[in-house]
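Undergrad: Please see the structure below; I have some questions.
The values are calculated or read from the model by the stated rules, or taken from the named source; none is laboratory data. Treat the numbers as computed from the prediction; the structure is a model and nothing was measured. Cβ placement follows ideal geometry from the backbone for every residue including glycine, while neighbour counts extend to all protein chains displayed.
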């Protein structure tokens, strides 16, 4: 409290002291040159005290009103920003404290502005990606239907072929919309997890069986890193974890090398955790892409062809499902060597 008072009244104290010393110096010179005034020197001390007290009070009151009025205006202007922490504190006229508050306020606002700018860029990129993902199958369906309406419908072979291709375009649209719906539910926490105990080895085997034909088209072998003679029971939503494994294995097939390998391993991490690794020997991912891999619609391949297909939401869905389980997902990759995606799961008790 004493330090606060000292800071608050320092300007008035020093100013009053300078005025008093100046007045005493002036009177001292006057007493020296006018001998008739010498009997009154005993009044110098009371006069000095009176002058100091009066000067201190006048300067302090005037300075408070002058400075407070202007600083109050700053606080009032800042109050237009409801989120400001500056307005929640009492108005201070201490310059050091005020300067620190204003600097903190400016720093907070800069962070907010930078965050909004990043979000705006992300929003623009997201809308552009959604538009690109949706318009490709839409234009494909539109083209085939218009071609049929323009006369190609009369040819049965052409009609069947074009209807089949249009149906594929519709299926792709439905696939994208389902993924968008799922990731929206995941992001707002509206997805209910059906938690149970299950054998992760059996689940991985089921995923291998489902994707065996897809992998065979590129000559990719889906294998475990070793034999697992005993079940490994984990706790989680079996259906959602299967989706995680499916998305990761599908990615490894898409970007894996021809006649390559996708290997899955399950290792003990700590006493109550296991880590599941999905490793391929594909083309790898450049380091600058790794931090953004789990963003919606983010693709390493920026070409317009999007030759590998997919909704562009697979890894984003994987991340949200794993985080919904309060677990972690990791990625490591080396160009021309391969990539490894891994995630943790809780062991069954």
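Undergrad: Quick check, is residue 248 farther than 30 Å from residue 349 by Cβ and either touching a residue at least 12 places away in the same chain (Cβ under 8 Å) or buried (at least 19 other Cβ atoms within 10 Å of the Cβ) (or both)?
TA: Criteria not met by residue 248.
Undergrad: Which of the strands (runs of 3 or more DSSP E) contained wholly in the range 241-349 include at least 1 residues that are at pLDDT 90 or above and under 18 Å from residue 215 (Cα atoms)?
TA: 261-270, 273-280, 338-347
Undergrad: All but one of (1) closer than 16 Å to residue 276 by Cβ; (2) assigned to a loop (DSSP other than H, G, I, E, B); (3) within 35 Å of the chain's Cα centre (by Cα) hold for residue 193, so report the exception by its number.
TA: It fails just one condition, (1).
Undergrad: Given the conditions (1) over 21 Å from residue 319 (Cα atoms); (2) out of contact with any helix residue (DSSP H, G or I) (no Cβ under 7 Å at 6 or more places or on another chain), and given that residue 185 satisfies all but one, which numbered condition is not satisfied?
TA: (1)
Undergrad: Take the conditions at pLDDT 70 or above, surrounded by 10 or more Cβ atoms within 10 Å (Cβ to Cβ) and in contact with a helix residue (DSSP H, G or I) (Cβ under 7 Å, 6 or more places away or on another chain) and apply them to residue 134. Does it pass?
TA: yes
Undergrad: I would also like to ask the following. Going by the structure shown, is residue 272 touching a residue at least 40 places away in the same chain (Cβ under 8 Å) and out of contact with any helix residue (DSSP H, G or I) (no Cβ under 8 Å at 6 or more places or on another chain)?
TA: Here the answer is yes, as residue 272 does meet what is asked.
Undergrad: Moving to a separate point now. When you scan the range 45-63, how many residues do you find that are surrounded by fewer than 15 Cβ atoms within 10 Å (Cβ to Cβ) and either touching a strand residue (DSSP E or B) at 6+ places or on another chain (Cβ under 6 Å) or modelled with pLDDT under 75 (or both)?
TA: Residues flagged as surrounded by fewer than 15 Cβ atoms within 10 Å (Cβ to Cβ) and either touching a strand residue (DSSP E or B) at 6+ places or on another chain (Cβ under 6 Å) or modelled with pLDDT under 75 (or both) within the range 45-63 amount to 0.
Undergrad: Right, here's the next one. Only one residue in 200, 183 is within 30 Å of residue 232 (Cβ to Cβ) and not assigned by TED's automatic domain parsing to the domain that holds residue 316. Which one? Don't jump to the end; show me each part of the working.
TA: Details: 200 fails: not assigned by TED's automatic domain parsing to the domain that holds residue 316.
On inspection, the qualifying residue turns out to be 183.
Undergrad: Next question. Among the listed residues 145, 176, identify the single one that is part of a helix (DSSP H, G or I), surrounded by 14 or more Cβ atoms within 10 Å (Cβ to Cβ), in contact with a helix residue (DSSP H, G or I) (Cβ under 8 Å, 6 or more places away or on another chain) and in contact (Cβ under 8 Å) with a residue 40 or more places away in the chain.
TA: 176
Undergrad: Within the set of pairs 6+ apart or on separate chains, which have a first residue in the range 20-32 that is farther than 10 Å from residue 44 by Cα, a second that is at pLDDT below 80 and part of a helix (DSSP H, G or I), and C-beta atoms under 7 Å apart?
TA: 30/37; 31/37; 31/38; 31/41
Undergrad: Just one of the numbered conditions (1) more than 34 Å from the chain's Cα centre (by Cα); (2) at pLDDT below 75; (3) surrounded by fewer than 14 Cβ atoms within 10 Å (Cβ to Cβ) is not true of residue 156; which one?
TA: (2)
Undergrad: Considering the range 255-281 alone, what residues qualify as being within 20 Å of residue 318 (Cα to Cα) and either assigned by TED's automatic domain parsing to the domain that holds residue 176 or over 28 Å from the mean Cα position of the chain (by Cα) (or both)?
TA: Hits for the range 255-281 are 256, 262, 263, 264, 265, 266, 267, 280.
Undergrad: Would you call residue 223 over 22 Å from residue 319 (Cα atoms), in contact with a helix residue (DSSP H, G or I) (Cβ under 9 Å, 6 or more places away or on another chain) and not in a helix (DSSP H, G or I)?
TA: In short, yes.
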